[in-house]
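A short write-up of the structure that comes next.
The values are calculated or read from the model by the stated rules, or taken from the named source; none is laboratory data. It should be emphasised that the depicted structure is a prediction, and the values quoted were computed from it without experimental measurement. A quick note on method: Cβ atoms are made from the backbone with ideal geometry, for glycine too, and the neighbour counts reach across all protein chains shown.
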Amino acid sequence: MSAGRQAISRAALCACLATLVMLAQSAHAAPDAVRGEQVYARCLGCHALASDRVGPRHCGLIGRRAASVAGFDYSSAMNHSGLVWDEKTLSRFLAKPMSAVPGTTMTYDGVPVAADRADLIAYLKSVNTKAACQPESHKP
Ligand code: HEC
């Protein structure tokens, strides 16, 4: 093989590898609410979208102040956390609930993988449009 051809095939190999790296990165780039619903299965032991169980309901979670579901018996740690639930506060809390809000009664180890949390939060952001989260008055 001549030096010239070798250089060309090396360039082609580099381009191909660069494309593969981009594809691998894009697999994690966009949070996926459908995958997030599968991650949410880990929460169903204690939570439901539209009703309070061991933990409070999750309809309307995004943008809500922490500990603001009327009638739910929150820990004083959550009552005084001063958090408002958005992507950032949720990701920090869900990574390690008991470190993020020391004294919380959500005795759960957390969702350690960042991509799982991103997908889960994408799902939580989408739940308000689900039938389970429509207010009673909007039902036919
Ligand atoms: C072992 C039961 C349990 C599991 C599992 C659990 N939670 Fe909780 N969760 C709770 C309890 C109890 C609270 C109330 C915490 C407090 O008052 O300190 C809570 C509170 C929360 C809050 C704060 C809500 C508010 O109204 O301020 C969020 C957000 C939350 N959980 C999300 C999740 C998600 C997402 C998962 C799944 C990855 C999950 N939880 C898994 C029991 C649980």
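Couple of notes before you dig in:
- Within the set Ala70, Ala48, the sole residue that is of a type outside the set (Phe, Trp, Tyr), more than 8 Å from the ligand (Cβ to nearest atom), surrounded by fewer than 16 Cβ atoms within 10 Å (Cβ to Cβ) and part of a loop (DSSP other than H, G, I, E, B) turns out to be Ala70.
- Residue satisfying all of: in segment 51-67; free of Cβ contacts under 8 Å to residues at least 60 places away in the same chain and at positive phi; farthest from the ligand (Cβ to nearest atom) among these: Gly63
- Every test in (1) within 16 Å of Tyr123 (Cβ to Cβ); (2) touching a residue at least 24 places away in the same chain (Cβ under 8 Å); (3) not in a loop (DSSP other than H, G, I, E, B) is passed by Ala41 save one, and that test is (2).
- Members of segment 93-117 found to be buried (at least 16 other Cβ atoms within 10 Å of the Cβ), not in a loop (DSSP other than H, G, I, E, B) and not aliphatic (A, V, I, L, M), listed by number: Phe93, Pro97, Asp116, Arg117
- Condition met for Pro112 (at pLDDT 95 or above, of a type outside the set (S, T, N, Q) and either near the ligand (Cβ under 9 Å from one of its atoms) or out of contact with any strand residue (DSSP E or B) (no Cβ under 6 Å at 6 or more places or on another chain) (or both)): yes
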